[in-house]
Amino acid sequence: MRSCPIDIPMTQKTPLQTINDLFCRVAAAANPRAVLWQDEFGLWQPISSDQIYHRVRALAETFLRWGAKKGDRIALISENRWEWAIADFAALAIGAVDVPIYPTLTGEQIAVMVQDAGCKIAVVSNRLQFDKLNAVRAKTQLERILIMDSAQPPEGSVAFSEVLAGADDHGADRNPVFDALVRTVEPKDLATLIYTSGTTGEPKGVMLTHGNIASNQTIAAADFAFNPTDACISFLPLSHITARALDYVMFTSGAQVAYCSQFDKLPQAMREIRPTVFVGVPRVYEKIRQEVERRAALSPVKRRILAWAIGLGAAHSDTVYSGRKPSSVLWNLANKLAYGKVQEAFGGRVRIFVAGGAPLGMDTAKWFASVGIALWEGYGLTETSPVIALNTPEHHRMGAVGMPLSNVELKLAADGELLVRGPSVFVGYWQKPEANAECFDAEGWFLTGDIAHFDSDGFLYITDRKKELLKTSGGKMVAPQPIENKLKNNMLVAQAALVGDKHKFISAILSPNFVALEEWASHHGVVAATRAELVADSRVVAHYAEIVREVNGGLANFESVKRFRVVADEWTQESGELTPSMKLKRRVITGRYAAEIAALYADEATSRGE
């Protein structure tokens, strides 16, 4: 049995060996406001570290009574809420393996994962999730479904309130039998089974041990000096390892975690919580930028002020990115007129901004530096628990994904693919020996599937996914993501997907930001009854042609976009074109727009091509 006393002080910085060590620290924190959640009236309510301990203990003991044992899998299907963390800690406390599943998936998709993992217990958030799962229950091995919402739990479920009844009455008391059980879990024990979202293929269950995640936690956050005065909002899907790892970091640091279950409530949550730490996928930052530009475009005066401020800020972006505040009189004026308003959109108190989960475009990083915000970009994968490299206040370079963590080894294959080895690398895919053989070489290096390079100082740069590189019929290799990011810098472009593999030239499918496009159309006298009519209007097409032409100005001829099509659809996670981390599902897009893509290349045989 390992030594991991529940009363370990939060000031002790011993490295974590398991996630249960993290739970021990939370339990010992004596923090009256460790977690915040919103009640039915929208008011923020606190949960203390003592309450977390006793609620986790009560749920863990319930799992044991239901027959769960070490190594058993427990499905977790929920939006971000305090019950998610309790269920996670409870499963891990008894040595079980939790299987977080995105609540946006269909019942059939969920059933495949629950059955593949062999889950006999599932924890769901609400009636919607219960109904989806219950409808496919016969296709799984499920015996119990626990529901977080307590109002009239449906037949066939057990309410969280029933399981946790009386848990908050124990105050600072601790249960030695439960504490001993928590300490039996070892670093080699499997902690979680995370099904990848599958941008290019069928999802696979990533097996992460306690030691995998703990080793990453210990190193990844070391340079940020998070502390009990910090606060963050948990809004990125907790079924994604990036969001979960952030919550773990905050818990380990004694910081406050506020749960926001709906993305549309995030702006209000930022105003009310005023976080000091903000981690978002690049699309979150892109949307904030587009919204700032859209609002400024409504007023000629505001548009000129923003343009002036951005131009001025660009001259000071290196200073901002280095973590310093420019001191010039004009910069201070611009900060008052423009920059401060952008910072207030995040609550006005954020000291650390991190971008992860997908590539951050250089233009986006520069734009935010120009408004006084340094975005620290990181890089990692579910399979690496997740962080491989990270920019920090001490070591950073714009455009790079940072310096590799000190406990991982990296090298490049002959074709530029990044290989990684270290304690945070997963042990393999669940019941997928063929996939494991493909992604590990004979020396134990994990093949990331990303094309990368290092600069002379050792900073890591990611070019694109190996499988997503486009190869023209002329043999030229084109990385789509940097070009797509440039297209998305315009407020009228919500998403962009490059196509052209094995063709003479590159084309693009563009999904508009319809709020901004409809405002532009109204201002320019474009009237359309439907979105399909709007994107087909010659004036709209001509304007998007200007956007494409501007982007092409900075590209080589072989990678420039020769043709494009604006579609009348918004691409979302719910409609299937985006993963939960807002990356494109290219197979879905190329399949859905096969006719449009075919039309772009209909006369390819006689066209000039490149």
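The values are calculated or read from the model by the stated rules, or taken from the named source; none is laboratory data. What you see is a predicted model, and the numbers here were worked out from it, not measured in a lab. Cβ sites come from the backbone with ideal geometry, for glycine too, and all protein chains shown count toward neighbours.
Just one of D247, D223 is within 17 Å of the chain's Cα centre (by Cα), over 30 Å from P512 (Cα atoms) and of a type in the set (D, E, K, R); which is it?
Just one listed residue meets the conditions, D247.
Identify the single condition in (1) over 15 Å from Y285 (Cα atoms); (2) out of contact with any strand residue (DSSP E or B) (no Cβ under 9 Å at 6 or more places or on another chain) that L390 does not satisfy, given that it satisfies every other one.
Only one criterion is unmet by L390, namely (2).
Looking only at residues that are touching a helix residue (DSSP H, G or I) at 6+ places or on another chain (Cβ under 8 Å) and either of a type in the set (S, T, N, Q) or under 10 Å from L312 (Cβ atoms) (or both) in segment 322-334, which one is modelled with the lowest pLDDT?
P326
So if I check each of R304, R244, R295, which one is in contact (Cβ under 8 Å) with a residue 60 or more places away in the chain and either outside the structural domain of M491 (by TED's automatic domain parsing) or closer than 17 Å to G378 by Cβ (or both)?
On inspection, the qualifying residue turns out to be R244.
Does A452 fit the bill of being modelled with pLDDT under 95, of a type in the set (A, V, I, L, M, F, W, C) and farther than 26 Å from E604 by Cα?
In short, no.
Does G525 qualify as being under 29 Å from the mean Cα position of the chain (by Cα) and of a type in the set (G, A, S)?
no
Would you say Q115 is surrounded by fewer than 24 Cβ atoms within 10 Å (Cβ to Cβ), of a type outside the set (V, I, T) and under 23 Å from the mean Cα position of the chain (by Cα)?
no
In the set I145, I77, which member is over 27 Å from G428 (Cα atoms) and either in the same structural domain as R57 (by TED's automatic domain parsing) or touching a helix residue (DSSP H, G or I) at 6+ places or on another chain (Cβ under 8 Å) (or both)?
One residue alone meets the criteria, I145.
Among A255, A231, A269, which is over 19 Å from the mean Cα position of the chain (by Cα) and not β-branched (V, I, T)?
None of the others qualify; the one that does is A255.
Report the residue count in segment 279-336 for those that are outside any helix (DSSP H, G or I) and of a type in the set (S, T, Y).
The total comes to 4.
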